[in-house]
Amino acid sequence: MFWSGKQGKTDQRIVIKFMTAQNMRLIDIWWRLRHVHRTQTLCQASVRNWVHKFEANPQLSCLDKAHPGCPCFARMQRKINSVRRFLGEDARCSIREIAVLCGISVGTAHRIVTKELKLHKIASRFVPKILTDDQKQRRLQAARNNLQRLVDEPLLLWNIVTGDESWVHCYEPNVKQRNMVWIGPQEQRPMKVLRGRSTKKVMLTAFFDDTACVHHEYTQKSVNRYTYMHILAHLREKLRRKRPGMWRQGFGRERAVILLHDNATPHRALHTHAHLRVTGVTTLEHPPYSPDMSPCDYFLFPRLKKELRSRRFAMSTP
């Protein structure tokens, strides 16, 4: 049986008092306590201190004396309540601000926030739009419809062509993390002039399937419905040359090419829908304000722009 905490220390003092009355040696007392209490045994200095006390006063109590003032746990609870109330008013404050306003040390403030309140600080995630309940339901239903369509059409993924547009600047500065270098203890931190992105830019429109990029095109201005229809005509020609298997089973035949694009204005224009019906291209359902469901937004363009950072292009168009 093992004891721990305040009660375990009191029990060991009782044993020390009894063995001291029997004139046992200090080392023997400590080893007997060690044999029973193992890792919870008092240190030899504490055992020596209590042996001397009991030798000087055999009637000394083994209990701790009552300390005047407010108990420690009550003071700590007041500090915890103060920090909790302050964080409820301003959740963006730092640990140092909490320590100053609550009148406690920085270490105590950090311990209360992380250990007692079990909080951790994170940055807000930026989203294009806060979806309403109806939009969330449409998003859920669209995902279910696409999953069911995948079950009904085993070759669905093979027929999907994904496309979107994005601005590409002639010069994009590198992020700070990619400029980090290893230096020695005597070397100074390197300095680099901060430059902004260039004003010259082109609109890149790219389409890809499960194999590779099928078609890409640059324009000087934003894409409108007429420009997008011309781009779709070029895509149709590229599919005929680069994907003959898809072409034979695609446009105007039993299994049409399935186009996945977002709900941008040129994509949902009436002229665009009419052009897609004439050419026999169907679209995959895409809920509004859902860039995380478009592979171009979370896969293609971020990786492409990452490789183009810190590279300067002299011409805005090829």
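What the table shows:
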read-out: Any hit, the range 174-187, residues being in contact with a strand residue (DSSP E or B) (Cβ under 8 Å, 6 or more places away or on another chain), assigned by TED's automatic domain parsing to the domain that holds LEU300 and either at pLDDT below 90 or acidic (Asp, Glu) (or both); value: no
read-out: Test: residue in the range 141-151 that is touching a residue at least 40 places away in the same chain (Cβ under 8 Å), in contact with a Ser or Thr (Cβ under 6 Å, 6 or more places away or on another chain) and in the same structural domain as LYS201 (by TED's automatic domain parsing); value: no
read-out: Complete set of residues in the range 276-318 that are of a type in the set (A, V, I, L, M, F, W, C) and in a loop (DSSP other than H, G, I, E, B); value: VAL281, LEU284, PHE313, ALA314, MET315
read-out: Matching residues in the range 263-304 - criterion: being closer than 17 Å to ASN159 by Cα and of a type in the set (D, E, K, R); value: ARG277, GLU285
read-out: Only listed residue being farther than 30 Å from LEU270 by Cβ, in the same structural domain as PRO244 (by TED's automatic domain parsing) and not β-branched (Val, Ile, Thr), chosen from LYS200, LYS221; value: LYS200
read-out: Scope the range 156-198; condition exposed (fewer than 15 other Cβ atoms within 10 Å of the Cβ) and in contact (Cβ under 8 Å) with a residue 24 or more places away in the chain; matching residues; value: LEU157, TRP167, ASN174, VAL175, ARG178, ARG195, ARG197, SER198
read-out: Some residue of the range 260-274 being at pLDDT 85 or above, among the hydrophobic types (A, V, I, L, M, F, W, C) and part of a strand (DSSP E or B); value: yes
read-out: Considering residues of the range 292-313 that are under 19 Å from the mean Cα position of the chain (by Cα) and exposed (fewer than 14 other Cβ atoms within 10 Å of the Cβ) only, the residue modelled with the lowest pLDDT; value: ASP292
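The values are calculated or read from the model by the stated rules, or taken from the named source; none is laboratory data. Please read all numbers here as calculations on a predicted model, not as lab measurements. Glycine also receives a Cβ, built like all others from the backbone with ideal geometry; neighbour counts cover every protein chain displayed.
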